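To keep things clear, I will list the structure first and then write my remarks on it.
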Amino acid sequence: AVAYHPHVACTIETEDEIDRLMDQTTALTLCLDASHIALVDEEPIAHIRKYRERTSYIHLKDWARGKFVEMGQGTVGIDFAAIFQELIDHRFGGWVVVEQSRSDVSPLTSAQANAEFVRSLGYSLELPTT
């Protein structure tokens, strides 16, 4: 499936613009990015609920002081716990990517901070064994 990633400062970034795009397509899916949604003053959880059936993957990162930061360190009010719960409640089958963008720390330190935040919400980063 082909997915469109709505991005701040791009052609399609707001809910109205996403609606127009999705109304004109049938096979296209979305990559919803919590921080980009929050940066246009919209609620990530509302987008996830609205576009649930057409979302193939999700990016999670945070934003503060004019740049992307590790999850839980942001100032835009992203409710990551609610996002995870929504995905679980509706058995989301796509990818959830904890995204590391530019950071003041090394990629390893950033990944460790993000992993610790996810664990602090009560989630495991281990893949289940079959």
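Listed values, structure above:
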{"read-out": "Test: HIS90 is closer than 13 Å to HIS36 by Cα and of a type outside the set (Asp, Glu)", "value": "no"}
{"read-out": "THR29 being hydroxyl-bearing (Ser, Thr, Tyr), at pLDDT 95 or above, in contact with a helix residue (DSSP H, G or I) (Cβ under 9 Å, 6 or more places away or on another chain) and more than 27 Å from LEU121 (Cα to Cα)", "value": "yes"}
{"read-out": "Only listed residue being charged (D, E, K, R) and surrounded by 15 or more Cβ atoms within 10 Å (Cβ to Cβ), chosen from GLU126, GLU99", "value": "GLU99"}
{"read-out": "Flag if HIS90 is surrounded by fewer than 18 Cβ atoms within 10 Å (Cβ to Cβ), touching a helix residue (DSSP H, G or I) at 6+ places or on another chain (Cβ under 7 Å) and more than 25 Å from LEU125 (Cα to Cα)", "value": "no"}
{"read-out": "Single residue of ALA64, ALA82, ALA34 found to be touching an Asp or Glu at 6+ places or on another chain (Cβ under 9 Å) and under 30 Å from SER120 (Cα atoms)", "value": "ALA34"}
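The values are calculated or read from the model by the stated rules, or taken from the named source; none is laboratory data. Predicted model, so just to flag it, every value in this text is computed and none were measured. Neighbour counts are summed over all protein chains in view; Cβ atoms, including those assigned to glycine, are modelled from backbone coordinates with ideal geometry.
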